[in-house]
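Asks: Here it is: the structure, laid out below.
The values are calculated or read from the model by the stated rules, or taken from the named source; none is laboratory data. What you see is a predicted model, and the numbers here were worked out from it, not measured in a lab. Please note: Cβ atoms are built from the backbone with ideal geometry, for glycine as well, and neighbour counts cover all protein chains shown. Protein only, heavy atoms only, side chains kept; ligands, DNA and RNA dropped before computing areas. Shrake-Rupley method; radii C 1.70, N 1.55, O 1.52, S 1.80 Å.
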Amino acid sequence: MSNAPIAMLLCSLDAHHPALDWFPEPAVDTRHFLAVMAKTWVPKGIQVFNLAANYPRELARIESLAAITEARKLARPQLWDSLQLFGLRQLLTLERDVMQVALLRGPMIADPASLRRAFDSQSQPFASLADDPALLLFDRSKVGAELTLSLALDMALSGAIYGLGAYRLESLLDQVQQVVAGSQLDDLIELQAETAPGADAAERASEDS
């Protein structure tokens with residue numbers, strides 16, 4: 001059982017109107033973080049970090065894939081989910097003491113006091129909160145956590161995330177966790193190759209040659 005504060009992370013696509021009301025009331029055992037891509041004002045008690053700082057290649061890749069797939073125009077959830085995975089990775093890099101993160105994917109309706117119990121009963125790095133579908137929990141202390149996050153982010157950066165049918169982030173994370181737990185990395189590599197943009201064209205070109 002961890003006594004470290006739980007990090008509440010909100011990744012905002014809208015720099016001018018981040019959904020600050022999604023955060024619960026501040027508490028002693030939580031820390032509030034907002035990931036943005038442009039300068040924005042926030043009230044006291046919320047720590048801000050800029051995903052666009054130092055022009056990271058990963059963010060440029062996420063935005064390029066969003067443009068190619070018209071993710072903004074078509075309101076495809078993969079864009080925001082890719083940003084959230086990248087934001088989570090950046091938070092863990094900046095705040096090495098953070099072990100447990102609750103990703104806010106909507107207004108929080110669960111009792112913040114229930115988070116500690118949820119993390120304590122969690123068996124895998126990622127888990128959904130049954131009482132609040134707007135929350136996605138990540139526990140860095142679980143076996144395979146860093147690899148799970150890395151592989152999930154790779155799916156976003158490779159574009160494979162846009163090729164998955166009936167897409168849901170929770171389903172993608174479950175698949176990655178099963179792969180990591182079973183050490184079946186070849187299966188994930190094959191999945192990436194099959195679903196990456198241009199994979200079909202590359203296969204046809206290979207056959208033609």
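Asks: Can you pull out every residue in the range 19-50 that is farther than 17 Å from Val101 by Cα and in contact with a helix residue (DSSP H, G or I) (Cβ under 8 Å, 6 or more places away or on another chain)?
Replies: Met37, Val42, Pro43
Asks: Output the helices (runs of 4 or more DSSP H) that fall wholly within the range 26-143 and possess 3 or more residues being open to solvent by less than 60 Å² (accessible area, probe 1.4 Å) and touching a strand residue (DSSP E or B) at 6+ places or on another chain (Cβ under 9 Å), or say none. Write out each step before concluding.
Replies: Details: elements: 57-68, 77-94, 114-121.
Correct list: 77-94, 114-121.
Asks: Which residues, taken from the range 8-25, are touching a residue at least 40 places away in the same chain (Cβ under 8 Å), in a loop (DSSP other than H, G, I, E, B) and closer than 25 Å to Leu59 by Cβ?
Replies: The first filter runs over the range 8-25 and keeps only residues touching a residue at least 40 places away in the same chain (Cβ under 8 Å), leaving 8-11, 13, 19, 21-25.
Applying the additional criterion that residues be in a loop (DSSP other than H, G, I, E, B) yields 13, 19, 23-25.
Matches in the range 8-25: Leu13, Ala19, Phe23.
Asks: Is it true that Leu136 is under 25 Å from Pro56 (Cβ atoms) and within 11 Å of the chain's Cα centre (by Cα)?
Replies: yes
Asks: If you take the residues in the range 162-209 that are assigned to a helix (DSSP H, G or I) and touching a Ser or Thr at 6+ places or on another chain (Cβ under 6 Å), which one is modelled with the lowest pLDDT? I'd like the intermediate steps shown before the answer.
Replies: We begin by selecting, within the range 162-209, every residue assigned to a helix (DSSP H, G or I); these are 162, 169-182, 185-195, 199-208.
Right, trim to touching a Ser or Thr at 6+ places or on another chain (Cβ under 6 Å) and you get 162, 170, 176-177, 180, 192.
Values: Tyr162: 95, Glu170: 94, Val176: 94, Gln177: 94, Val180: 91, Gln192: 58.
Filtering the range 162-209 for residues that are assigned to a helix (DSSP H, G or I) and touching a Ser or Thr at 6+ places or on another chain (Cβ under 6 Å), the one modelled with the lowest pLDDT comes out as Gln192.
Asks: Here's another thing I want to ask about it. Kindly indicate whether Tyr167 is in contact with a helix residue (DSSP H, G or I) (Cβ under 6 Å, 6 or more places away or on another chain) and farther than 22 Å from Leu91 by Cβ.
Replies: Details: in contact with a helix residue (DSSP H, G or I) (Cβ under 6 Å, 6 or more places away or on another chain): no; farther than 22 Å from Leu91 by Cβ: yes.
No: the conditions fail for Tyr167.
Asks: Among the numbered criteria (1) under 16 Å from Arg89 (Cα atoms); (2) touching a residue at least 60 places away in the same chain (Cβ under 8 Å), which single criterion is violated by Glu146?
Replies: Unmet for Glu146, out of (1) under 16 Å from Arg89 (Cα atoms); (2) touching a residue at least 60 places away in the same chain (Cβ under 8 Å): (2).
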